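Remarks on the structure that follows.
Coordinate-derived values only; no laboratory data. Computed from a predicted structure; not experimentally measured. Here the Cβ is made from the backbone with ideal geometry for all residues, glycine too, and neighbour counts use every protein chain on show.
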Amino acid sequence: MTTFGYFLSCEEHGPKELVRQAKLAERAGFEALWISDHYHPWLDEQGQSPFVWSVIGAIAEATSLPITTAVTCPLVRVHPAVVAQAAATSAVLTGGRFRLGVGTGEALNEHIIDTRWPPTAERLEMLEEAVGLMRELWSGKLVTHRGTHYKVDTARLYTLPDEPPPVYMSGFGENSVKLAGRIADGYVTTGPSAELVELFHASGGQGKPVQGGIKVCYAEDAAQARKTVHRLWPTQGIKGEASQLLPLPRHFEQLAEMVTEEEATASTPCGPDPDVHVEAIKPYIDAGFDEVYISQIGHEQDAFFEFYSSTVLPRLR
């Protein structure tokens, strides 16, 4: 049976509001949480980007829901040895309810400490080495590592959960999905692609969880909801590799000027009709997703949780 979770947007909301939303999500009947991990928002208009590990610590005390980062890039901005420590502490705080979602990242967040942004193939190599290194550190042993991309000298993690946190990997292209099937404990993606789910299963991921995410915008007025999406997330209409390569929010704002409201909302259910929301989420279920995470765009959070709790979640279940 599909698990339905809430996707907390660090790009749109400050840390206290994210904790508040996590509590509302649990009360509304959502069964798990995703949380984005950014240094910059995609656009200045989104306006926020708190440090995810602090927020996870607060959420761990405020709710009993499982938490997955969607996703953390343990390659450039934060060394994998430090991510390993953060993930281990999060797993302890949550009583084993933390899953580390990882991916190859975006220049938007990672360029801040290194102007060189590695190509995709190299980032996949880095991610494979990073995941192996983190798992070695979660053993609690003293680790010295001299790899192709990372060096660690006599490091040992002392605060460890009973079991290492599962690693779920994000992937959108064939090579990344195959790597996820081979090295990850689960798969993360956005968009209800049955083909990618099948590829993950065929590449070693059979029996492993698959998580998917979707953005929605509940409002009493559907036209106003579409305007909200176009204002805050026009980046949904930007195609190709730009999301991985551009370093600053202003660059996305420049591209977003060419995105129409129709393009920005093409995959986003808007307004108060529960059937519109259910029909947008059902393809994830049909494609074989084990967990679906739903993010409300904009500030009508309280009304969204009431709407989903009373109307949408019962229909999905």
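For V102, the residues whose modelled amide H falls within less than 5 Å of its own, excluding neighbours fewer than 5 places apart on the same chain, are T72, Y168, M169, S170.
Here the 3J(HN,Hα) profile of the range 105-121, calculated from phi with Karplus coefficients 6.51, -1.76 and 1.60 at θ = phi - 60°, is x, 9, 4, 3, 9, 8, 5, 5, 10, 7, 5, 7, 10, x, x, 4, 4 Hz, Gly and Pro shown as x.
As an exercise, use a Förster radius of 35 Å and the Cβ-Cβ distance of E198 and D302 to find the FRET efficiency, rounded to the nearest 0.05.
On the way: r = 39 Å, r/R0 = 1.10.
FRET efficiency, E198 to D302: 0.35.
Remark: the range 71-77, residue by residue, has Karplus-estimated 3J(HN,Hα) of 10, 8, 9, x, 10, 10, 5 Hz, where x stands for each Gly or Pro and the curve is 6.51 cos²θ - 1.76 cosθ + 1.60 at θ = phi - 60°. Our coupling estimate for the range 51-56, obtained by passing each phi through the Karplus curve with A = 6.51, B = -1.76, C = 1.60 and θ = phi - 60°, is 6, 4, 5, 5, 5, 4 Hz, Gly and Pro reported as x. Modelled this way, with points 7 Å down the Cα-to-C-beta line, the labels at S54 and V278 are 4.2 nm from one another. With the simple model of a label 7 Å out from the Cα in the direction of the Cβ, R135 to E253 spans 4.3 nm. How much net charge surrounds G132 when only other residues with a Cβ under 12 Å from its Cβ are counted (Lys, Arg +1; Asp, Glu -1)? Result for the local shell: -2. Around the amide H of A219, modelled in the peptide plane, lie the amide H atoms of G271, all under 5 Å away and 5 or more residues distant in sequence or on another chain.
Within the range 195-263, report the trypsin sites (Lys or Arg not before Pro) that DSSP leaves as loop and that have at most 13 other Cβ atoms within 10 Å. Counting only loop positions with at most 13 other Cβ atoms within 10 Å, the trypsin sites (Lys or Arg not before Pro) in the range 195-263 are K239.
On full extension, the segment bounded by E261 and K239 gains 6.5 nm, given 0.36 nm per residue less the C-alpha separation. The alpha-carbon of K151 sits under 16 angstrom from the alpha-carbons of these aspartates and glutamates, leaving out residues fewer than 8 places away in its chain: E125, E128, E129, E136. Comparing M169, M258, M126 in a Gaussian network model of the chain, where Cα atoms under 10 Å apart are tied by springs, the biggest mean-square fluctuation is seen for M258.
At 222 nm, what value in deg cm²/dmol follows for the chain if DSSP H runs of at least 4 each add -39500 (n - 2.57) and the sum is divided by all its residues, to the nearest 500? Don't skip to the answer; put the middle values down first.
Numbers: 14 runs with 129 residues, N = 317.
Computed ellipticity for the chain at 222 nm equals -11500 deg cm²/dmol.
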